[in-house]
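Coordinate-derived values only; no laboratory data. A quick note: this is a predicted structure, and the numbers were derived from the prediction, not measured. Cβ coordinates were reconstructed from backbone atoms using ideal geometry, including for glycine residues, and neighbour counts include every protein chain displayed.
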Amino acid sequence: MSARPGARDITSEIEDLRHRSAYDQTLSDLFEYGDAVYTPKGLERFLTTPLDEFDGLTGLDLIARGQAERVVEALAGDYDGLGY
């Protein structure tokens, strides 16, 4: 598990991802589902909490590893009512 930056850095990291989503369809899908399911703080919590479905990693960890599609799949499941 990697160490995550502080709260201010997390907000900046998520905002950077939002800007990149204009050029990346997977990130665009991530924010489309995330914004539909969660409040901004809820999405931040989802992306920064280690989850069993992510093998103990956070959503931000997976995105950094090039596995954003796993995060999108989890958000799509939450959107469809399949989440926990």
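Observations on the structure shown:
- Whole-Hz couplings from phi, Karplus 6.51/-1.76/1.60, listed for the stretch 28-35; x for Gly and Pro: 4, 4, 4, 6, 4, 5, x, 6
- Label-to-label distance for ALA36 and ASP24 is 2.1 nm, based on points extended 7 Å past Cα in the beta-carbon direction.
- Residue (of PRO40, PRO50, TYR79) at the positive-pole extreme of the stretch 7-79, dipole from beta-carbon charges: PRO40
- Most to least packed among 55-68, 32-45, 13-26 [average Cβ atoms within 10 Å]: 55-68, 32-45, 13-26
- Modelled FRET efficiency - R0 25 Å, GLU15 with GLU69, Cβ distances, 0.05 increments: 0.75
- Interchain or long-range residues, amide H under 5 Å from LEU57's placed H: LEU51
- Computed per residue of the chain from DSSP H runs no shorter than four, each worth -39500 (n - 2.57), the mean residue ellipticity at 222 nm is -19500 deg cm²/dmol.
- Only one of [x] 1.12; [y] 0.99; [z] 1.81 was calculated from the structure for Cα Rg over 2.2 N^0.38 Å, and its label is [y].
- The string of couplings for the stretch 67-75 from the Karplus curve (6.51, -1.76, 1.60, θ = phi - 60°) is 10, 4, 4, 5, 5, 4, 4, 5, 5 Hz, one whole number per residue in order, with x for Gly and Pro.
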